[in-house]
1. Considering only segment A:21-28, I want to know if a residue exists there that is in the same structural domain as A:Val193 (by TED's automatic domain parsing) and under 20 Å from A:Ile190 (Cβ atoms).
2. For segment B:225-279, which residues satisfy the criterion of being in a loop (DSSP other than H, G, I, E, B) and open to solvent by 60 Å² or more (accessible area, probe 1.4 Å)?
3. Out of (1) away from chain B (no Cβ under 14 Å); (2) within 25 Å of the chain's Cα centre (by Cα); (3) surrounded by fewer than 21 Cβ atoms within 10 Å (Cβ to Cβ), the odd one out for A:Ala74 is which?
4. When segment B:4-29 is examined, which residues are found to be more than 24 Å from the chain's Cα centre (by Cα) and either open to solvent by 70 Å² or more (accessible area, probe 1.4 Å) or in contact (Cβ under 8 Å) with a residue 24 or more places away in the chain (or both)?
5. Scanning segment A:135-153 for residues that are within 11 Å of chain B (Cβ to nearest Cβ) and part of a loop (DSSP other than H, G, I, E, B), which turns out most open to solvent (accessible area, probe 1.4 Å)?
6. Being within 14 Å of chain B (Cβ to nearest Cβ), farther than 30 Å from A:Gly221 by Cβ, modelled with pLDDT of 95 or more and over 28 Å from the mean Cα position of the chain (by Cα) is the requirement here; does A:Glu106 meet it?
7. What is the one condition in (1) touching a helix residue (DSSP H, G or I) at 6+ places or on another chain (Cβ under 8 Å); (2) surrounded by 14 or more Cβ atoms within 10 Å (Cβ to Cβ) that B:Ala62 does not satisfy?
8. For segment A:155-180, give me each residue that is part of a helix (DSSP H, G or I) and open to solvent by 50 Å² or more (accessible area, probe 1.4 Å).
Amino acid sequence: MTAAADRFLALEGLTKDFGATRAVDGISLDLRRNEFFALLGPSGCGKSTLLRMLAGFEAPTEGRILLDGQDITALKPERRPLNLMFQSYALFPHMTVARNIAYGLEMERLAKPEIAARVDEIMAVTDLAPFADRKPDQLSGGQKQRVALARALVKRPRVLLLDEPLGALDRKLRERMQLELKRLQHEVGITFVIVTHDQEEALVMADRIAILRDGRLLQCGTPEDVYQRPADRFVANFIGTMNFVPGVIDAGARFTAPAIDLAAPGAPPGRAVLAIRPEDVALAEPGAGIPATLRDIAYHGLDRVLHVTLSACGTPLQLRIPARADLTPAVGGTLHIALPPDRCTFFPD
Amino acid sequence: MPAFLRRPDPRALPALLWLVLFMVVPCLLLFAYAFFERGTWGGIVYTFTLGNFARVFDPLYAGVFLTSARIAATATAIALLIAYPAAYAISRAPRRRQPILLFFAVLPFWSNYLIRTYAWIVLLNREGLINSLLTSAGYTGEPLSMLYTEGAVIVGLVYNYLPFVILAIYSSLSRLDPQLAEASRDLGAGPVRTFLRVTLPMTLPGVAAGGVFIFVLSIGNFVTPALLGGGRFQMIGNLVYDQFLTANDWPFGAALGMILILLMLLLLTIQARLTDRAAGTRPPAREEAA
């Protein structure tokens, strides 16, 4: 891939102050052409402000936005070849579905037949043809969401910005729309930038994820990167489920906690936490591992999640084991677990 | 018949009773008077006639209707042009500052109507404030005759009813989702086209409510034309006033009043239709059943 394609949409040191509050703090990111990119973080992390700066509704206090090498920082929203799908959808209540979708093309002063053709085309792709003459208040949540998507996509933007696009949908519909959006993005070949607070959504849909907290960029990488190699303790905790065991790393790079003594190569000495995913914790032969008390078993179909507390220090821990695996102790009994060193990550505490 | 009249909620009875006794019954009496003849020295002779309504269309009186409609329409247009930007500015101000701005917009209304109107006499007359200021600014021509003109009447009407027009438009604007305008900008419309295609159509119910309000109150107004028009401008209100209190022709006054009331009902109906048709304000079907 060429360097230009790697820097299709470049954010350079974007900062946004609201009065004394710094909502976005020096974020630099390079987005690739045709990638599905997620801005992920808890509410108040600055992801929506970042998106609004990309759309042109907020002027950055500092920094630049480059699209295909061209500085678009000062362009008004109506002049940017980017379109935003609003979280509330923001459909025009006084227009039919077809008029809503045609609106953006009418603003480009395209010929009527071309507008009609493109509106019909996008309504076919998004299964909206039967609702063309309805008003937004006669549509279900899922239908409104598709109109909002169609209204933005029909403009054939260089980048489509999506602000929590699935937030208002129920779980079943949300899961279906996650795959639907991903398929659509692949089909239309447009760069998608999605803002979400739902880490699962980001992992399922995005090619790459940027994780934000308090206006700062913590990590940017593929779903596998951020899941397997979290940059810090916050990311480790925010993405998926993570066990943390507090302890100390000594000068010889060994992590010790009650009944635990593990090599922690390269980790600096001091107070530290050991981080390990539930699926990486293993069951050990009696006497060979770390003793723990079984507190609860949660059945998840394919596998079971065991909630245990370490006998020596009382730290709670989760293990994810296949549902068919033999399990000797009952709830309240003692079992032994192992923490494979290559699966452990250490963060300063 | 509206549902609330077919089976009135007992809690609405006091208000309903009030309305029937002091609004509906007097209006019906007035309506009845309009079909009788006047007595030689005033009073009413109970002989049926349509003559009063025929007189309304006498060019002399029809002309008064037209003048009144023109003055009211001009006042309405001017008030809308002033009120819309004002209401827009208030609705875009920080939310906690909006009540105080609205308070200032409505403030003149809390003073006495007559005093406010007299204040305009002080401003507009030949030795008034405006002419004095012009003179001291070096203007040497004849003092401007602003008082007792149609313009003075229009200024008075606009001034007196502007607060209501601002309130009506503001209530529409403040309910408008600001993201709709953003969506319009995002889809490629500049500020002007966003206003014409999204903001204005969405706030038309407020414009209609404010417009009908000032038009109806202006066309029937008789204090402002009497004071600022100096009696030289007969509006329907003055005509009705004269029939009841000077000419002692109650039946003709009643006929004029009826025409005025019917005109008002017609305009209010049109305005209600407009509000109904505006998308987003009509409750979805499932809520109507509740």
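1. Of segment A:21-28, the ones in the same structural domain as A:Val193 (by TED's automatic domain parsing) are A:21-28.
Of the ones still in play, those that are also under 20 Å from A:Ile190 (Cβ atoms) are none.
Looking through segment A:21-28, none of the residues is in the same structural domain as A:Val193 (by TED's automatic domain parsing) and under 20 Å from A:Ile190 (Cβ atoms).
2. Quick first cut of segment B:225-279, residues in a loop (DSSP other than H, G, I, E, B) only: B:229-235, B:246-249, B:278-279.
Within segment B:225-279, B:Arg232, B:Gln234, B:Thr246, B:Asn248 qualify.
3. If we test A:Ala74 against (1) away from chain B (no Cβ under 14 Å); (2) within 25 Å of the chain's Cα centre (by Cα); (3) surrounded by fewer than 21 Cβ atoms within 10 Å (Cβ to Cβ), just (2) comes out false.
4. The answer is B:Phe4, B:Leu5, B:Arg6, B:Arg7, B:Pro10, B:Arg11, B:Leu13, B:Pro14, B:Leu17, B:Leu21, B:Leu29.
5. Restricting attention to segment A:135-153, the residues satisfying the condition of being within 11 Å of chain B (Cβ to nearest Cβ) are A:135-139, A:148, A:151-152.
If we keep only those that are part of a loop (DSSP other than H, G, I, E, B) as well, we get A:135, A:139.
Working: A:Lys135: 52, A:Leu139: 19 Å².
Across segment A:135-153, the extreme among qualifying residues is A:Lys135.
6. Working: within 14 Å of chain B (Cβ to nearest Cβ): yes; farther than 30 Å from A:Gly221 by Cβ: yes; modelled with pLDDT of 95 or more: yes; over 28 Å from the mean Cα position of the chain (by Cα): yes.
Yes, satisfied.
7. Unmet for B:Ala62, out of (1) touching a helix residue (DSSP H, G or I) at 6+ places or on another chain (Cβ under 8 Å); (2) surrounded by 14 or more Cβ atoms within 10 Å (Cβ to Cβ): (2).
8. We begin by selecting, within segment A:155-180, every residue part of a helix (DSSP H, G or I); these are A:171-180.
A:Arg171, A:Lys172, A:Arg174, A:Glu175, A:Arg176, A:Leu179, A:Glu180, listed by residue number.
The values are calculated or read from the model by the stated rules, or taken from the named source; none is laboratory data. In this text the structure is predicted, and so the values were computed from the model without any measurement. Cβ coordinates were reconstructed from backbone atoms using ideal geometry, including for glycine residues, and neighbour counts include every protein chain displayed. For the accessible areas, the whole protein counts, side chains as well, though only heavy atoms, and no ligand, DNA or RNA atoms are used. Shrake-Rupley method; radii C 1.70, N 1.55, O 1.52, S 1.80 Å.
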